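Enquirer: Following this message is one structure expressed as structure tokens.
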Amino acid sequence: MRNLFKRCTGLLLAAVILVSGVLGAGMFSGEAIAAELDAAIRTIKANENGDTVTLPVEDFLRGRKQFNVACATCHVAGITKTNPNVGLDTESLEGAFPPRDNLAALVDYLHNPTTYDGLVEISELHPSTKSTDVYPKMRNLTEDDLQAISAHILVMPKVMGDKWGAGKTKSL
């Protein structure tokens, strides 16, 4: 009986170590990937004038985390579940009116969302700082969080290529 107890304890300990190692690797792999992103990949358009900003690794990690909390339900891997023809890929962001392919424009969109053509305000349909009563995940996001989320969206096409936004482009 004592040998059986020792074996079970040993197997249980081994399982705990294995699971801890797998979960630990999963927790830190994002940081390892982010640390490998060079400055060119982390450099994004800051505004419609073409100014650029290089995103610090910490902001990339915070943006990824906040995106996963507030946006990934509808935009997993940069797609748009409600309209798969318009993703968060570079071409779709450029094709919107006004273009949403820069940091200032995406932050503005998170405050004041409009349809892809820019004609209709949609804060009751899309999470925004205007609709925190409908989308409570937006309540605690600071301006820095909105910038980090937006920057994350702009960096991901460089990281994932056509896999971000499912390679969709707007064809209107």
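Enquirer: Considering Val159, Val134, which residue is surrounded by 14 or more Cβ atoms within 10 Å (Cβ to Cβ) and either among the charged types (D, E, K, R) or assigned by TED's automatic domain parsing to the domain that holds Lys45 (or both)?
Expert: The conditions single out Val159.
Enquirer: In the stretch 133-153, how many are at pLDDT 95 or above, over 14 Å from the mean Cα position of the chain (by Cα) and among the β-branched types (Val, Ile, Thr)?
Expert: Going through the stretch 133-153 one residue at a time, the tally reaches 1.
Enquirer: Count, please, the residues in the stretch 103-137 that happen to be touching a helix residue (DSSP H, G or I) at 6+ places or on another chain (Cβ under 7 Å), part of a helix (DSSP H, G or I) and either more than 13 Å from Ser150 (Cβ to Cβ) or of a type in the set (Gly, Ala, Ser) (or both).
Expert: Result for the stretch 103-137: 1.
Enquirer: Against the conditions (1) touching a Gly at 6+ places or on another chain (Cβ under 8 Å); (2) over 30 Å from Leu37 (Cα atoms), where does Ser92 fall short? Just the number, please.
Expert: (2)
Enquirer: Within the stretch 154-166, is there a residue that is in a loop (DSSP other than H, G, I, E, B) and either within 18 Å of Ala77 (Cα to Cα) or modelled with pLDDT of 95 or more (or both)?
Expert: Start the filter on the stretch 154-166 by keeping residues that are in a loop (DSSP other than H, G, I, E, B), which leaves none.
Within the stretch 154-166 (the criterion being in a loop (DSSP other than H, G, I, E, B) and either within 18 Å of Ala77 (Cα to Cα) or modelled with pLDDT of 95 or more (or both)), the answer is no, since none of the residues qualifies.
Enquirer: Does the stretch 108-122 hold any residues that are in contact with a Ser or Thr (Cβ under 7 Å, 6 or more places away or on another chain) and either surrounded by 18 or more Cβ atoms within 10 Å (Cβ to Cβ) or aromatic (Phe, Trp, Tyr) (or both), and which are they?
Expert: If the condition is that a residue be in contact with a Ser or Thr (Cβ under 7 Å, 6 or more places away or on another chain) and either surrounded by 18 or more Cβ atoms within 10 Å (Cβ to Cβ) or aromatic (Phe, Trp, Tyr) (or both), then Leu110, Pro113 are the ones that fit.
Enquirer: So, in the stretch 94-147, how many residues would count as being among the aliphatic types (A, V, I, L, M) and either touching a residue at least 60 places away in the same chain (Cβ under 8 Å) or touching a Cys at 6+ places or on another chain (Cβ under 6 Å) (or both)?
Expert: The total comes to 3.
Enquirer: Considering the stretch 142-153 alone, what residues qualify as being buried (at least 20 other Cβ atoms within 10 Å of the Cβ) and either assigned to a loop (DSSP other than H, G, I, E, B) or small (Gly, Ala, Ser) (or both)?
Expert: Ala148, Ser150, Ala151
Condition check ((1) modelled with pLDDT under 95; (2) in a helix (DSSP H, G or I)) across all residues:
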residue	(1), (2)
Val53	no, no
Phe60	yes, yes
Arg64	no, yes
Val69	yes, yes
Pro84	yes, no
Glu94	no, yes
Asp101	no, no
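Enquirer: Sticking with this one: Out of curiosity, is Arg139 in contact with a Leu (Cβ under 8 Å, 6 or more places away or on another chain) and among the charged types (D, E, K, R)? Working first, answer last.
Expert: Working: in contact with a Leu (Cβ under 8 Å, 6 or more places away or on another chain): no; among the charged types (D, E, K, R): yes.
Here the answer is no, as Arg139 does not meet what is asked.
The values are calculated or read from the model by the stated rules, or taken from the named source; none is laboratory data. In this text, all values refer to a predicted model and were calculated from it rather than measured experimentally. A quick note on method: Cβ atoms are made from the backbone with ideal geometry, for glycine too, and the neighbour counts reach across all protein chains shown.
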